[in-house]
1. Any residue at all in region 11-27 that is modelled with pLDDT of 70 or more, in a helix (DSSP H, G or I) and out of contact with any strand residue (DSSP E or B) (no Cβ under 9 Å at 6 or more places or on another chain)?
2. On the given criteria, is residue 6 more than 37 Å from the chain's Cα centre (by Cα), part of a helix (DSSP H, G or I), modelled with pLDDT under 95 and surrounded by 10 or more Cβ atoms within 10 Å (Cβ to Cβ)?
3. Report whether or not residue 41 is modelled with pLDDT under 80 and in a helix (DSSP H, G or I).
């Protein structure tokens, strides 16, 4: 059993020393990395940033409208489509800004 453990440790030590690069190999690796960075093509986005912003804004507006409809129609016991009418909002503004 000890012989097996000793052989395993020796192999592990050899592999460890083999994988450690010396100073020259490190310089070569760094130069290869910088060459790879220079030679890469610019990233082409399938879904451009401006389109992401527009889609995000549209999703936010849709979520707001759905939330207003649920709040007004389900929680407030009104007709959900009434939240889209200007008369409803004018009535709410009149209530909020009502003079004492």
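The values are calculated or read from the model by the stated rules, or taken from the named source; none is laboratory data. Keep in mind that what you see is a predicted model, and the values were worked out from it rather than measured. Note: ideal-geometry Cβ built from the backbone for every residue, glycine included; neighbour counts use all protein chains shown.
1. Looking through region 11-27, at least one residue is modelled with pLDDT of 70 or more, in a helix (DSSP H, G or I) and out of contact with any strand residue (DSSP E or B) (no Cβ under 9 Å at 6 or more places or on another chain).
2. Values: more than 37 Å from the chain's Cα centre (by Cα): yes; part of a helix (DSSP H, G or I): yes; modelled with pLDDT under 95: yes; surrounded by 10 or more Cβ atoms within 10 Å (Cβ to Cβ): yes.
Here the answer is yes, as residue 6 does meet what is asked.
3. Working: modelled with pLDDT under 80: yes; in a helix (DSSP H, G or I): no.
Here the answer is no, as residue 41 does not meet what is asked.
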